[in-house]
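*Asks:* Mind having a look at this structure? Questions to follow.
Read the figures in this text as sums done on the coordinates, not as results from a lab. The structure presented is a predicted model; accordingly, all values stated were derived computationally and were not measured. We place every Cβ from the backbone using ideal geometry, glycine too, and count neighbours over all the protein chains shown.
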Amino acid sequence: MKSLISNSAQIKTTLTQYLTLVSGDYLYGESITSLLLTIAECTKKIAALASKGNLDTAVGNFGATNVQGEVQINLDVVSNETFITSLEKTGLVSGLVSEELDDPYLIKVAGDGGEFLVVFDPLDGSSNVDVNVSVGSIFSIYKDNKDNKDDSASLNFLQSGNAQLAAGYALYGPCTMLVITIGSGVQGFTLDTETQEFVLSHADIRIPETTSDFSINASNERHWEAPIQRYVDGCKAGRTGCRGQDFNMRWVASMVADVHRVLMRGGVYLYPHDNKLPARAGRLRLLYEANPMSFIVEQAGGKSTTGRKRVLDIKPDEIHQRVPVIMGSRLEVNLIESYHTEFDATHAEVKNSSSLDQTQLTQSS
């Protein structure tokens, strides 16, 4: 990849300039650049609406629920429509998947257009909007590898996270940031409100391998599996515990905000499988939440897993599939994975022992 602008000049490098500079170094560079710039414009519009708070009708309960069973606010709907309308006009996209839509949104494109698929969560953490806490948008771009563009089945979208061409998120906080990867590192851009340009502010982001922060919803503690309970207990015990150091717990309840903290400062973000709803594999959606964020985290030198399997290796069975997610500083994620491995091995031994006892009992009878 071509070298970036020198550190002293990074603040002057716009998103357009950066993508133009590197577009020749990655697959489908010109088209991906166009899509990323379109998505950037979407995030600017959403940021402007979110910044108005209750002064705008875009904030407030929409009075409906999405396919996830979650209550929609008006800004959810407006954000979703912003993505759809803008991406449909590019002529590059044949289909979209959104958290807010039950089914894939198919786009008729003339000729050889429509090479790509875009999946997105238009407004992550939207329940935070009415209390003025950071929210975001998450997105990912795939190649459309299906010959029949008129097929309404979702099989186009059922690709593992390894197939992502680009991914990113926008964070709407004290400032608006756009963080992207095209498979060669992670770059962070901050929106200059005067020029309305995204400018490079965080080049080549790297997650520290070790950390003293973890991010988890502690209200679910009673439902956690033993490996997660073991990890969190070790963190909470501080210097006097098995870890021998003090930890801080952070939880914003917006994946974008929580993972952004990990990306900037190190740490581990956990939304694990639990027994609160045993039939549900996890909380987060694989296609448009877990995969894009895992791609970003890995490109920043971190690691992402379910506790038992690398997230990016999972091939989805359906577009709204849920998975457990543990991501962040590599050494912490490795430790959590080792706890799962030890637990599963012990559990298997106990199960095998019980089966053997039952067999012996049956034979003796």
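*Asks:* Assuming 0.36 nm per residue, please report the length gained on full extension of the stretch Lys45 to Met249 beyond their Cα-Cα distance.
*Replies:* Full extension of this stretch gives 70.2 nm more.
*Asks:* So, one more: Using amide H atoms built 1.01 Å from N in the peptide plane, name the residues 5+ places from Ala203, or on other chains, whose amide H lies under 5 Å from its own.
*Replies:* Those lying under 5 Å, H to H, from Ala203 are Gly188.
*Asks:* Next question. List the residues whose amide H sits under 5 Å from the amide H of Thr13, counting only those 5 or more places along or on another chain, with H placed 1.01 Å from N in the peptide plane.
*Replies:* Amide H to amide H, under 5 Å and 5 or more residues apart or across chains, Thr13 pairs with Leu200.
*Asks:* Okay, moving on. Name the trypsin sites (Lys or Arg not before Pro) in region 12-55 that are in a loop by DSSP and that have at most 16 other C-beta atoms within 10 Å, would you?
*Replies:* For trypsin sites (Lys or Arg not before Pro) across region 12-55 that sit outside H, G, I, E and B with at most 16 neighbouring Cβ atoms in 10 Å, the list reads Lys52.
*Asks:* For the residue pair Gln17 and His347, what label-to-label distance in nm results when each label sits 7 Å from Cα along the Cα-to-beta-carbon direction?
*Replies:* The answer from the label model is 5.3 nm.
*Asks:* Something else: Pairs of Cα atoms under 8 Å, at least six residues apart: use those to get the relative contact order of region 205-257, whole percent.
*Replies:* After rounding, I find 41 percent.
*Asks:* By its C-alpha gyration tensor, with a ≥ b ≥ c as the square roots of the eigenvalues, how is region 247-315 shaped: rounded for a/c under 1.5, else prolate for a/b larger than b/c, else oblate?
*Replies:* Oblate shape, in that a/c is at least 1.5 and b/c is the bigger or equal ratio.
*Asks:* While we're looking at this one, here's another question. Mind checking region 219-276 for trypsin sites (Lys or Arg not before Pro) that DSSP puts in a loop (not H, G, I, E or B) and that have at most 16 other Cβ atoms within 10 Å?
*Replies:* Taking region 219-276 and a limit of 16 other Cβ atoms within 10 Å, the loop trypsin sites (Lys or Arg not before Pro) found are Lys276.
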